[in-house]
Amino acid sequence: MSSTPSPKPFSWEYRPTALAKEAFHITGGRPLSGSVRVSGAKNAALKMMAASVLTGERLHLENVPEILDIEVLRDTLRDLGVTVEREADGSMDLTAGDVEWLFVPLEAAAKMRASFMLLGPLLARFGRVIISNPGGDRIGRRPVNLHVDAMRALGAEIDYRDGYYFAKSNGRLKGATITFPQITVMGTENAILAAVLAKGTTVITPAAQEPEVDDLITLLNAMGAQVARTKPDRIEIQGVDALHGATHRIMPDRIEAGTFAAAAAVVGGTINVDGVEPTHMKAFIDLLSELGVDHAIEADPVDATRKSLRVTGLPPGGAYRATNIRTQPFPGLATDLQPSAGLMLTRAAGTSTIEETIFEDRLEWLVGLRGFGAQVEIVDPRTARVTGPTTFVAAEAEIPDLRAGATLMLAALAAPGASRIHGAHHVRRGYANIEEKFRGLGAELTHVSEEGVAG
Ligand code: EPU
């Protein structure tokens, strides 16, 4: 193995690579108005960057969001020997000519779980990889057992020692039937990324139906792979000997789109969320209708392939209709939109229920929401009741994770007076230029550095 190559200089102006601690100072209580364009989807872009190691040829990705998670994976790929260059127009070139360092360290995995997406493609192209378990030795939360089982089904030998998976295959991986005991998005994607170069046919069932999976499939097919969704929850792959370079434009971020739509509903005012694909957001748009939030799907002002979602929120004092929400795999309501959806419920008259069926640790953010005046009862780790309508008050809160963080920002924007939100760096992981975008809608917010570097 060669030593780690020195990273190439990076061309963006801003963006700290280390997760420097930051806080948002937000003065809320005034309606938002204007247009905001959503960025490329984080959860599509990361998998496509991982797909770059499947070929020695150049991959050109357009519409790559300017977020910290992308930087983390960029650095990990560079450490492996992949050339990654960012263009001023938001595109990224990746060339994985000589990958000799088949090792993904704990440092990368600890920063971002999606670094585990390198397991399948590295194994498929190079026949071996040592990769850190993103959960360390912790058992329970967000395990990767389904990814590992999928690789074993394809013929890989995988040992687990000291927090690392040592994976190898004798010759090419072999096509197989992979039956997941439950739906997994990244598990499905890792299995696809391994099976595209395997010998023979692979069938994945039940396969995740998230649009990001299909966007990845479109890219892989442009690289010469043969992947087809033969039924909504069944994906079939004919392995090929080699893949080649390709160009692909990344789909819009449906979670960011939902967050801005919720901003209008909760804070008040009218926001045009431009560059969206409504078919990716049906469950969320249906929820707007159920709540009675005024919205319309209109033509995008500049992009004929996309739409604009216009949302007008009620002024303070007005109330929506209470309803119950339940997160589910696509096409159900995305768990990543559970905080945004849950926040909208606080503005409904009466009691609404939130049921989180995907993750067991995703209702904790509601504790922070209480500080802003919301009436929340956490019934059990997966169920909460929200009683509204809430009159928001300014507060101080700590962001526990990415999606909840963006939502607490919305609560602060709805609350008259000055709020402070600590842990802003979490939001930068997944929302491109969020401060600039909110300011463009008339929000008053700044960020301040806080001591230390986030762990
Ligand atoms: N699970 C296992 N074993 C596994 C994999 C998953 O038990 O090996 C469990 C999980 O613990 C969870 C369920 O299966 O209870 C479903 O998890 P899934 O594998 O679908 O989630 P993921 O692929 O790890 C992606 C997104 C998440 C998003 C979920 C669900 C990326 C990088 N992450 O995670 O996005 O919440 O799908 O849609 O694509 C985010 O962007 O903020 C985020 C967390």
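None of the figures in this text is laboratory data; all of them are computed from the coordinates on show. Nothing here was measured: the structure is a model prediction, and the numbers come from that model. Using ideal geometry, Cβ is built from the backbone for each residue, glycine included, and neighbour counts are taken over all protein chains shown.
For the chain, the mean residue ellipticity at 222 nm estimated from helices alone is -8500 deg cm²/dmol, where every DSSP H run of n ≥ 4 contributes -39500 (n - 2.57) and the total is divided by all residues, rounded to the nearest 500. The slack between ASN145 and ALA88, meaning 0.36 nm per residue of separation minus the straight C-alpha distance, is 16.6 nm.
Computed from Cα atoms, the angle from the helix 211-222 axis to the main principal axis of the chain rounds to 30 degrees.
In the chain, the DSSP beta bridges split such that about 70 percent are antiparallel, to the nearest 5.
Near HIS248: Cβ cut-off under 10 Å, other residues only, Lys/Arg at +1 and Asp/Glu at -1. The net charge is -1. Rounded to the nearest 10 degrees, the angle from helix 254-267 to the longest Cα principal axis of the chain is 10 degrees.
Taking other Cβ atoms within 10 Å as a rough exposure proxy, SER115, SER132 sort from fewest to most as SER132, SER115. Where Lys and Arg each count +1 and Asp and Glu each count -1, what net charge lies around GLY200 among other residues with Cβ under 11 Å from its Cβ? Value of the local net charge: +3.
If the viscosity is 0.890 mPa s and the temperature 25 °C, what Stokes-Einstein diffusion coefficient in µm²/s follows for segment 225-375 when Rh is the Kirkwood radius over Cα pairs? Calculated translational D: 142 µm²/s. With R₀ fixed at 30 Å, the C-beta to C-beta distance from PHE359 to THR179 puts the FRET efficiency at about 0.85. Ignoring aspartates and glutamates fewer than eight residues from LYS168 along the same chain, the ones with Cα atoms less than 17 angstrom from its Cα are GLU100, ASP149, GLU157, ASP159. Computed over the chain, the percent of Cα pairs more than 43 Å apart is 13. On the beta carbon distance between ALA222 and THR351, with R0 = 56 Å, the FRET formula returns roughly 0.70.
Cα-Cα pairs above 19 Å in segment 352-425: how many percent? Could the numbers behind the result be given before it?
Working: 870 of 2701 pairs.
Tail fraction, whole percent: 32.
Between the DSSP loop rule and a limit of at most 12 other Cβ atoms within 10 Å, which trypsin sites (Lys or Arg not before Pro) in segment 47-149 are left? Answer by residue number: ARG138, ARG141.
Gain in length, THR279 to ARG249, computed as 0.36 nm per residue apart minus the alpha-carbon separation, to one decimal in nm? Could you put the intermediate results ahead of the total?
Numbers: separation 30, 0.36 × 30 = 10.80 nm, distance 1.75 nm.
The THR279-ARG249 span can extend by a further 9.0 nm.
Most simply put, segment 229-358 has about 70% antiparallel DSSP beta bridges, counting only bridges with both residues inside it.
Are there GluC sites (Glu not before Pro) in segment 355-387 that DSSP puts in a loop and that have at most 16 other Cβ atoms within 10 Å, and which ones? All intermediate terms of the calculation are to be shown ahead of the outcome.
On the way: sites: GLU355, GLU356, GLU360, GLU364, GLU377; in loops: GLU356, GLU360, GLU364.
Loop-located and lightly packed - GLU360, GLU364.
Where does each of GLU435, GLU444 land when they are ranked from fewest to most other beta-carbon atoms within 10 angstrom?
Details: GLU435 18, GLU444 14.
Starting with the residue having the fewest Cβ neighbours, the order is GLU444, GLU435.
How far is helix 185-195 tilted off the main Cα axis of the chain, in degrees rounded to 10, range 0 to 90? Orientation of helix 185-195: about 20 degrees from the principal axis.
With R₀ set to 25 Å, the beta-carbon distance separating ARG152 from GLN238 gives a calculated FRET efficiency near 0.75.
Residues whose amide H falls under 5 Å from that of ALA176, counting only those 5 or more places apart or on a different chain, are THR202, VAL203, with hydrogens built in the peptide plane. With 25 Å as the limit on Cα-Cα distance, the pairs of LYS307/LYS437; LYS47/LYS199; LYS21/LYS307; LYS111/LYS174; LYS174/LYS231 that go past it are LYS21/LYS307; LYS111/LYS174. In the neighborhood of SER289, defined by Cβ-to-Cβ distances under 11 Å, what is the net charge if each Lys or Arg adds +1 and each Asp or Glu adds -1? Net of charged neighbours comes to -1.
Around the amide H of GLU444, modelled in the peptide plane, lie the amide H atoms of THR27, all under 5 Å away and 5 or more residues distant in sequence or on another chain.
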